[in-house]
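Before any comments, here is the structure.
The values are calculated or read from the model by the stated rules, or taken from the named source; none is laboratory data. Keep in mind that what you see is a predicted model, and the values were worked out from it rather than measured. All Cβ positions, even for glycine, are placed from backbone atoms using ideal geometry, and neighbour counts span all protein chains on display. The protein model used for the area step is the full one, side chains on, heavy atoms only, and it has no ligands, DNA or RNA in it. Shrake-Rupley method; radii C 1.70, N 1.55, O 1.52, S 1.80 Å.
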Amino acid sequence: MTFRDDGAAALEWAARYLETVGDYPVLAQVEPGEIRSRLPASAPEMGEPFADVLRDVDEILLPGITHWQSPRFFAYFATSASEPGILAELLAATLNSVAFLWRTSPASTELEAVTLDWTAQLLGLPSGWHGHIEDTASTSTLAALAAAREVTGRNVVVCSEHAHSSVDKAARLLGLELRKVPADPEFRLRADELDLTDAAAVVATVGTTSTASVDPVPAIADACAAAGAWRHVDAAYAGSAWVCPELRWSQAGVERADSLVVNAHKWLFTPMDCSLLWSSRPDDLRRAFSLVPEYLQTSDDVDSLSEYGPALGRRFRSLKLWAVLRCYGRAGLQARIREAVRLAELFEGWVRDDPDWEVCAPRHFSLVCFRRNGPDAANEAIVERVNRSGELFLSHTRLDGRYVLRLALGNERTTEDDVRRAWAALKEV
């Protein structure tokens, strides 16, 4: 078989998978160690045909796949790798660019800048911000907090009790003291509880993981300005919603951020991994990370994007986002995001109308937090049973000490019928 033949077979496999992904159990129905037990303990002595790889993907690996592409994947924050992004990943892997310097990949370096500018315009962000791509929001937040430490010389980072755990991890890696601020009844950071005397940075969240709540960014920005602290906004999930003007209410105050992260691989239908980090203070970000040894010094009068974050080697990630933006356009992105919000509103209404269930937090964007009336153990059992059924996949959180179910919409393949099936399954168990 030739590369073209194998490639055609792989593309056919991908197309067939996307067409039938809704037929698979959403949560992998295997036990720990089961996949490994079916694989050889060492690599083959002689090469094998690629057809054998595809066969084993089907027979061995697929049973161990939790299908993030499923239209009934409602756990965490639902994602979609869209067809344009998938094909662009193939092109990026074929080119195999390593963009640690401009000259090692001029196209990757310059397309990244253009694509981040395009996305900033689509989201209504201020013009002139410097943008680049990291792998995940965890790395983007780490980079922002490293810059904050460099600029302020302080070692305290402040965030809400509902901030993402990546803030905890970044503080640990950077040797920063983490100080968490209580949330109000709507699970937003209480700005009146801020004490920033010794703070290097405050992380404000637009779309928290547990409830998609929106911290009071304007008040936080005021407090940071008074104390000289760095303002980092984590909009990894909800920032994509700003492509819709009616959802930009949550953007208030973001224009005053020193850094902002939005994950294109969450709600901009771009394959994992593609985390967008903008900064209004790029020189400070660069000072925190720029390190150019002799073997990387060139006569090119161009900054390398590797000087703005932890990694030296950089994949051609912008290609897949560029493809998505071109193939969907503003209107296509808006339609898909609005449909997810509509389906979340519909599901929320069913919960509110059923006396046996309750909504547990204000619904923002496309996340519904809810539970059945009764003890935590009963709600835990519901999640376990529906997940093990394979019909859908949910996650949970704890709010005010109670076990709460989360249903997050965002997969572009999810239909109203999928949401109805989820509600029926929950009521049945």
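Worth a mention:
- Dividing the mean sequence gap of close Cα pairs (under 8 Å, 6+ apart) by how many residues the chain holds gives a relative contact order of 22 percent.
- In the range 203-344, a dipole from Cβ-located charges (positive for Lys and Arg, negative for Asp and Glu) runs towards its positive end, and of ALA225, TRP249, LEU268 it is LEU268 whose Cα lies farthest in that direction.
- The GluC sites (Glu not before Pro) of the range 35-118 that DSSP puts in a loop, and whose beta carbon has at most 12 other beta carbons within 10 Å, are GLU45.
- Simple spin-label estimate for THR197 and THR66 gives 4.4 nm between the two label positions (7 Å along the Cα-to-Cβ direction from each Cα).
- Partner aspartates and glutamates whose Cα lies under 18 Å from the Cα of LYS320, excluding those fewer than 8 positions away in the same chain, are identified as GLU83, GLU89, GLU110, GLU112, ASP117, GLU134, ASP135, ASP273, GLU412.
- This model, with +1 at the C-beta of Lys and Arg and -1 at the C-beta of Asp and Glu, gives the range 133-233 a dipole about its Cα centre of some 200 debye.
- As a rough guide to protection, the peptides 164-173, 351-360 ranked by mean Cβ packing within 10 Å, highest first, stand as 164-173, 351-360.
- Amide H contacts under 5 Å for CYS360: CYS369, PHE370, ARG371, restricted to partners 5 or more places along the chain or on a different chain, H placed in the peptide plane at 1.01 Å from N.
- Within the accessible area of the range 376-429 (1.4 Å probe), percent carbon and sulfur: 44
- Looking at the range 25-116, the trypsin sites (Lys or Arg not before Pro) that sit in a DSSP loop and have at most 16 other Cβ atoms within 10 Å of their own Cβ are ARG38, ARG103.
- Stokes-Einstein D for the range 273-359, Kirkwood Rh over Cα pairs, 4 °C, 1.567 mPa s (µm²/s): 74
- Kirkwood's formula applied to the C-alpha pairs of the chain gives a hydrodynamic radius of 23.1 angstrom.
- In the full protein context, the chain carries 45 Å² of accessible surface per residue, based on a 1.4 Å probe and ignoring ligands, DNA and RNA.
- Accessible area in the full protein assembly, largest first, 1.4 Å probe, for THR136, THR270: THR136, THR270
- 3J(HN,Hα) along the range 11-25, derived from phi through the Karplus expression 6.51 cos²θ - 1.76 cosθ + 1.60 where θ = phi - 60°, amounts to 5, 5, 4, 5, 5, 5, 4, 5, 6, 10, 4, x, 8, 7, x Hz, with x in place of Gly and Pro.
- From its DSSP helices (H runs of at least four residues, each -39,500 (n - 2.57)), the chain gives a residue-normalised ellipticity at 222 nm of -13000 deg cm²/dmol.
- Counted by Cβ distance under 12 Å from LEU174, the other residues give a net charge of +1, where Lys and Arg count +1 and Asp and Glu count -1.
- Carbon/sulfur fraction of accessible area - the range 111-217, other protein chains in place, 1.4 Å, %: 46
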